[in-house]
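What follows draws every value from the coordinates through simple rules; no lab data is involved. Only a predicted model underlies this, so the values are computations on that prediction, with no experimental measurement involved. Cβ placement follows ideal geometry from the backbone for every residue including glycine, while neighbour counts extend to all protein chains displayed.
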Amino acid sequence: MEKENCFKKYFAEMLGTLVLVLFGCGVAVYTGGSAVATSLAFGLTILAMCFTLGEASGCHLNPAVSLGFLVAKRITVKDFIGYMIAQLVGAVEACFLLWLFFGRDNGYGANVVQGAITSNYSAGASLGIGLVAEIILTFTFMMAVLGVTSKTENKGFIGVVIGAALTLVHLLGLALTGTSVNPARSLMPAFFAGGEALRQVWIYVVGPFVGAVLAALCYCFLDDTPKHNLAESRLSA
């Protein structure tokens with residue numbers, strides 16, 4: 001029974017991440033990176049997946065969120081590893097579908113530091129500013145996730161709050177870094193796209209992980225509410 005439950009959780013994480021990357025990055029490809037359309041695509045996908053898959057796995061869909069919950073002691077090391085592998089597999093599958101739908105050189109919605117930063121800084125400094133931006137964006141997003149999931153009475157609103165938070169960080173972050181806050185969402189599209197996206201991808205792995213850890217530590221310091229089991233609540237990100 002335990003193995004079956006683990007399989008269901010990991011399958012849900014794989015499926016949800018596939019949908020998130022497919023629709024979020026797919027809309028970015030189709031619209032040429034429209035800020036409003038891309039922000040809504042990611043936010044609405046998280047909202048839908050939270051209510052669809054939340055009971056199965058918590059619906060993280062993001063290795064940084066899983067790491068944040070690990071630091072906050074809401075999941076085990078075993079589940080963190082299983083979730084992260086499942087999320088990366090889902091992202092790879094989404095990239096194959098993007099290749100099928102839009103062709104080999106579609107860009108895959110891969111992240112690179114944007115003109116709002118590069119126009120004001122040298123190449124090296126731009127990467128540093130981009131890293132700081134990803135840390136701040138992920139910190140903000142992770143704080144919202146931890147906050148709304150800390151109280152059982154919020155259960156019916158979790159998807160709405162997290163979807164809105166993801167939309168919010170995209171509305172600013174798209175002009176700065178293209179917005180990752182999710183290593184799976186950035187790592188696999190960068191491998192498929194290659195070039196500058198692959199050279200910069202470390203920003204979109206390190207930044208979200210650092211931001212998520214800082215948010216977890218900060219929230220645990222501030223939080224005085226009783227803790228509850230992750231499996232008993234809908235979570236997303």
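Just name the residue that is surrounded by the fewest Cβ atoms within 10 Å (Cβ to Cβ) out of those in segment 174-211 that are hydroxyl-bearing (Ser, Thr, Tyr) and assigned to a loop (DSSP other than H, G, I, E, B). Steps first, please.
Pass one, segment 174-211, residues hydroxyl-bearing (Ser, Thr, Tyr): 177, 179-180, 186, 204.
Remaining after also requiring assigned to a loop (DSSP other than H, G, I, E, B): 177, 179-180.
Values: Thr177: 28, Thr179: 30, Ser180: 31.
Checked segment 174-211; the qualifying residue surrounded by the fewest Cβ atoms within 10 Å (Cβ to Cβ) is Thr177.
If I filter segment 41-53 for residues that are within 22 Å of Gly109 (Cβ to Cβ), of a type in the set (A, V, I, L, M) and surrounded by fewer than 19 Cβ atoms within 10 Å (Cβ to Cβ), do I get at least one hit?
yes
Inspect all residues belonging to segment 5-16 and state whether any of them is in a helix (DSSP H, G or I), touching a residue at least 60 places away in the same chain (Cβ under 8 Å), under 17 Å from Val181 (Cα atoms) and not charged (D, E, K, R).
Checking segment 5-16: at least one residue is in a helix (DSSP H, G or I), touching a residue at least 60 places away in the same chain (Cβ under 8 Å), under 17 Å from Val181 (Cα atoms) and not charged (D, E, K, R).
Take the residues of segment 46-102 that are more than 16 Å from the chain's Cα centre (by Cα) and not in a helix (DSSP H, G or I): which is farthest from Ala216 (Cα to Cα)?
Thr76
Considering only residues that are in contact with a helix residue (DSSP H, G or I) (Cβ under 8 Å, 6 or more places away or on another chain) and either surrounded by 24 or more Cβ atoms within 10 Å (Cβ to Cβ) or not in a helix (DSSP H, G or I) (or both), which ones fall in segment 19-33?
Leu20, Val21, Gly24, Cys25, Ala28
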